[in-house]
Structure formats: structure tokens, C-alpha cells
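To start, the structure under review is shown below, and the notes come after it.
The values are calculated or read from the model by the stated rules, or taken from the named source; none is laboratory data. Just so we're clear, the structure is a prediction, and the values are computed from it rather than from any experiment. Here the Cβ positions follow ideal geometry from the backbone for every residue, glycine too, while neighbour counts run over all protein chains shown.
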Amino acid sequence: MTKRSIHTLTLILFLFLVSSCELEELISGTTGTGISQQEAASGLKDALIKGISKGSEMLSKSDGFYGNPKVRIPLPSELDKVTSTLRSVGLGSLVDRAELSINRAAEDAASKAKPIFLQAIREMSFGDAMKILFGEDTAATHYLRSKTYDKLYNEFKPVISKSLEKVDATRYWNEMISEYNKIPLVKDVNPDLVDYVNRRALDGVFKMVADEEKSIRENPLERTTALMKKVFDYYDRNK
């Protein structure tokens, strides 16, 4: 374990042990930083809102998923044999259309994440905020995932289903599966398309939020409000 890791772990353990009143005194009093509980929590929330807004907007644009190798949704791995077989018999266009269409469905649903994230951020306590601030580079993302994943899954599911129909993903998918299942001596397949795209879309959303969180922690230029600067300057001095 590095010296920095030990220091960070010590800070986190300390934050768990002290009361919120003691912590407020530590931050706004004895350290001389002038950061209050409200400022510390609000500065972190500003950063989270910035990351969520940017990530959600990027993903909900055309090619937000399909054009980004980090989050692009491939066809399920259990269909590798399906896709290779179809390409080998001249039906690669079916595979390409199916992959493009599931990414379009994910892009269509991505905007639904923001209000759910914002609610989780509003409900975040001061203690949560401080543990996140001095946690690992993606501590906020892990927190949001634990608080919002099930709700996001349920909110995304009908949108994904509708989007798959809207962009003809269901048709392309069924055509692809149907053509494959017609091939002699192959085992029929029919994975749950909605569940698969839903889970991969959520993975993409959290990946983008994590990237934005890391950027704000590492790059002072990403701290775009005075309060954000103040809180993360405090973080930089004490991490």
C-alpha cells in the first residue's frame, strides 16, 4: 500500500469515527479553511451534477453510445457464433443493423438517468459527501450506483423496450435470430434483448459518470464553480 493510500484510508476511517459536529469544527475551525458542512456537501454535489449532466448529454446524442468505444454496446457474447455464421453466409448487414439499432435505443433512453441521479444527490447527507470526497477516484459513482441502479433499471426498461421498437431494433434482432435459427444443425437462440440492452446502457451511463468524476478530481480546470474550487482545493491539500 502506498503512502498516499494509507493517508487516504486514515482520513476515511477518521471521518467514520467523528461526529458531524466534530467534523464541522475540524473543517471550519481548527483547519482554518473556512469550509462549512453546507459548503463541503454543496461543492461535492455541484461536481456530481456537472458530471451527471455532461455524461447524460453526451450519451443521449446520436452516436453517444455507438460512436464511443468506451460504452458502445456489442451484440451479446453468446451470439458470437450467430454473428460469425451470418457473416460467413453473406448476412453481415443484418448483424450491423442489429448492433447499430440497440445502441440507438440506449441513446434514446440515456436522458432518463439525470433526474434519478439528481434525486439521489439531493438526499445525500453531509457524512456521505465527506466519505465520498476522500474516497477513491470513483467513490461518488459507486455511491450513486448503490442508490440508483434498481430504480434506473426499472425506469429504463420500458423506455428501452419502446426505443427498440422505434429504431427497428426488435425487427432487425428478430430477422437476425430467425435467419440464424434456419441454418441446419444449429442450436436455436433467443436472448432477452431488452434486459441485455438495459444493463449495458446502465453500464455505459455509470462509466461516463465515473470518467467525469475522475476528471474533476484530477483537473482543476474542470472545477467550474467557486464553491467546487474551494472544496476540491481542500481535498487536494488533504488527500
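For region 215-239, filtered to residues that are of a type outside the set (D, E, K, R) and outside any helix (DSSP H, G or I), the residue that is farthest from A40 (Cα to Cα) is N219. Just wondering, is there one or more residues in region 40-52 that are crowded, with 16+ Cβ neighbours inside 10 Å, modelled with pLDDT of 85 or more and either over 30 Å from A226 (Cα atoms) or touching an Asp or Glu at 6+ places or on another chain (Cβ under 9 Å) (or both)? No, because not a single residue in region 40-52 is crowded, with 16+ Cβ neighbours inside 10 Å, modelled with pLDDT of 85 or more and either over 30 Å from A226 (Cα atoms) or touching an Asp or Glu at 6+ places or on another chain (Cβ under 9 Å) (or both). Right, Y234: modelled with pLDDT of 85 or more and aromatic (F, W, Y) or not? Spelling it out, it is not the case that Y234 is modelled with pLDDT of 85 or more and aromatic (F, W, Y). Do we have A110 as of a type in the set (G, A, S), closer than 20 Å to L202 by Cβ and touching a Phe, Trp or Tyr at 6+ places or on another chain (Cβ under 7 Å) here? Considered against the rule, which asks whether it is of a type in the set (G, A, S), closer than 20 Å to L202 by Cβ and touching a Phe, Trp or Tyr at 6+ places or on another chain (Cβ under 7 Å), A110 comes out as no.
The C-beta contact set for region 144-155 (first residue closer than 9 Å to A120 by Cβ, second residue outside any helix (DSSP H, G or I) and of a type in the set (D, E), distance under 8 angstrom, 6+ apart or interchain) comprises K147/E123. Taking region 193-223 as the range and being aromatic (F, W, Y) and within 8 Å of the chain's Cα centre (by Cα) as the test, only F206 passes.
For the residues I116, I177, I183, the requirement of being at pLDDT 85 or above and under 30 Å from E78 (Cβ atoms) singles out I116. Answer with yes or no whether E107 is surrounded by 21 or more Cβ atoms within 10 Å (Cβ to Cβ) and either modelled with pLDDT of 85 or more or among the aromatic types (F, W, Y) (or both). It is true that E107 is surrounded by 21 or more Cβ atoms within 10 Å (Cβ to Cβ) and either modelled with pLDDT of 85 or more or among the aromatic types (F, W, Y) (or both). Restricting region 146-170 to residues that are modelled with pLDDT of 75 or more and either of a type in the set (A, V, I, L, M, F, W, C) or more than 26 Å from K70 (Cα to Cα) (or both) leaves a set whose member that is surrounded by the most Cβ atoms within 10 Å (Cβ to Cβ) is I160.
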